[in-house]
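Below: one structure, written as structure tokens.
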Amino acid sequence: MDNKVLIIIPAYNEEKSIAQVYQSICNYNEQNGTNYDVIVINDGSVDNTKEICERKNIPVINLVHNLGIGGAVQTGYKYARDNNYMYAVQFDGDGQHEVSCIKDILQPIYDNEADFVIGSRFIDKNSSEFKSSFARRVGIRIISNLIKIMTGKRLHDITSGFRAANRKIILDFAISYPVEYPEPITNTELLKKNVRIKEVPVQMHEREAGISSINSWKNVYFMINIIISVFIVGIRRWKK
């Protein structure tokens with residue numbers, strides 16, 4: 001087993017951005033001498049995401065049904081496990097994540113300072129111009145405070161989908177990964193297990209196209225359910 005890195009890109013109806021996102025990683029590899037592999041998880045898209053990936057020879061797994069973000073990302077971790085990847089990076093297919101920051105979230109793992117790294121918009125005010133809406137930032141702060149209460153440890157960007165994992169976490173997530181609210185739930189679980197987590201500042205952008213899976217009308221429902229879920233995870237006993 002070598003030190004292979006897999007970029008996991010969950011995609012649902014990302015026909016307007018997926019080719020550009022994939023090409024940005026290819027360009028980065030060519031310009032910087034890196035060798036990041038990519039797997040797109042097409043989560044039952046009803047647009048032309050599948051056709052674009054196949055026409056442009058983008059490595060893709062096409063799910064027959066829409067499993068949601070949790071199921072799509074776990075499919076990527078299963079692929080990473082089965083293909084002997086040492087490191088995996090979650091990377092959005094909508095153009096929000098900055099490819100040049102992949103090295104930053106991998107570095108603490110390379111240096112054996114962390115098992116899991118979160119790319120954060122909030123620990124350095126100058127790192128990212130895009131911070132999301134005011135309402136979502138308030139919600140993130142509330143959930144961050146709850147996770148601090150439940151685990152005794154503070155994470156700032158608890159909904160960030162820009163994350164890196166070592167082999168230990170790959171194996172864990174391939175077996176068990178939440179279907180709903182995967183970022184805050186897995187962050188809480190890992191903290192309860194005393195997994196070494198680190199946040200690093202990253203650049204994020206506005207979506208290039210498409211619609212977020214979290215719409216404004218869902219915000220209250222989202223907040224209530226995620227608070228309940230984090231609380232339940234927080235009070236469970238975990239093997240460390």
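The figures follow:
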| item | result |
| --- | --- |
| Exclusive hit being farther than 24 Å from Ile197 by Cα and in contact (Cβ under 8 Å) with a residue 12 or more places away in the chain, set Asn42, Asn29 | Asn42 |
| Qualifying residue in the stretch 157-167 (condition: surrounded by fewer than 18 Cβ atoms within 10 Å (Cβ to Cβ), out of contact with any His (no Cβ under 7 Å at 6 or more places or on another chain) and either at pLDDT below 95 or not β-branched (Val, Ile, Thr) (or both)) | no |
| Residue check, Ile170 modelled with pLDDT of 90 or more, closer than 21 Å to Asp43 by Cβ, among the β-branched types (Val, Ile, Thr) and out of contact with any strand residue (DSSP E or B) (no Cβ under 9 Å at 6 or more places or on another chain) | no |
| Test for Arg154: is it surrounded by fewer than 22 Cβ atoms within 10 Å (Cβ to Cβ) and either of a type in the set (Ser, Thr, Tyr) or closer than 14 Å to Val200 by Cα (or both) | yes |
| Identity of the residue in the stretch 14-34, surrounded by fewer than 23 Cβ atoms within 10 Å (Cβ to Cβ) and in contact with a helix residue (DSSP H, G or I) (Cβ under 6 Å, 6 or more places away or on another chain), that ends up farthest from His65 (Cα to Cα) | Tyr28 |
| All positions within the stretch 10-38 that are among the hydrophobic types (A, V, I, L, M, F, W, C) and touching a strand residue (DSSP E or B) at 6+ places or on another chain (Cβ under 7 Å) | Ala11, Ile18, Val21, Ile25, Val38 |
| Condition check for Ser100: at pLDDT below 95, within 26 Å of Thr34 (Cβ to Cβ) and either surrounded by fewer than 20 Cβ atoms within 10 Å (Cβ to Cβ) or touching a Pro at 6+ places or on another chain (Cβ under 9 Å) (or both) | no |
| Condition check for Leu190: modelled with pLDDT under 95 and under 23 Å from Ala114 (Cβ atoms) | no |
| Considering residues of the stretch 35-68 that are more than 21 Å from Val89 (Cα to Cα) and of a type in the set (A, V, I, L, M) only, the residue surrounded by the fewest Cβ atoms within 10 Å (Cβ to Cβ) | Val64 |
| Conditions (1) buried (at least 22 other Cβ atoms within 10 Å of the Cβ); (2) at pLDDT below 95; number of the one not met by Gly95 | (1) |
| Residues located in the stretch 163-189, provided they are of a type outside the set (A, V, I, L, M) and closer than 16 Å to Ile69 by Cα | Arg163, Phe173, Ser176, Tyr177, Pro178, Glu180, Tyr181, Pro182, Glu183, Pro184, Thr186, Asn187 |
| Breaking point among (1) under 18 Å from the mean Cα position of the chain (by Cα); (2) within 19 Å of Gly161 (Cα to Cα), for Arg81 | (2) |
| Residue among Ile118, Ile158, Ile147 that alone is in a helix (DSSP H, G or I) and in contact with a helix residue (DSSP H, G or I) (Cβ under 8 Å, 6 or more places away or on another chain) | Ile147 |
| Boolean, Ala11 is among the small types (Gly, Ala, Ser), closer than 25 Å to Lys198 by Cβ and surrounded by 14 or more Cβ atoms within 10 Å (Cβ to Cβ) | no |
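The values are calculated or read from the model by the stated rules, or taken from the named source; none is laboratory data. Predicted, not measured: the structure shown is a model, and the values here were computed from it. When we count neighbours, we look across all protein chains shown, and the Cβ atoms used for this are built from the backbone with ideal geometry, even at glycine.
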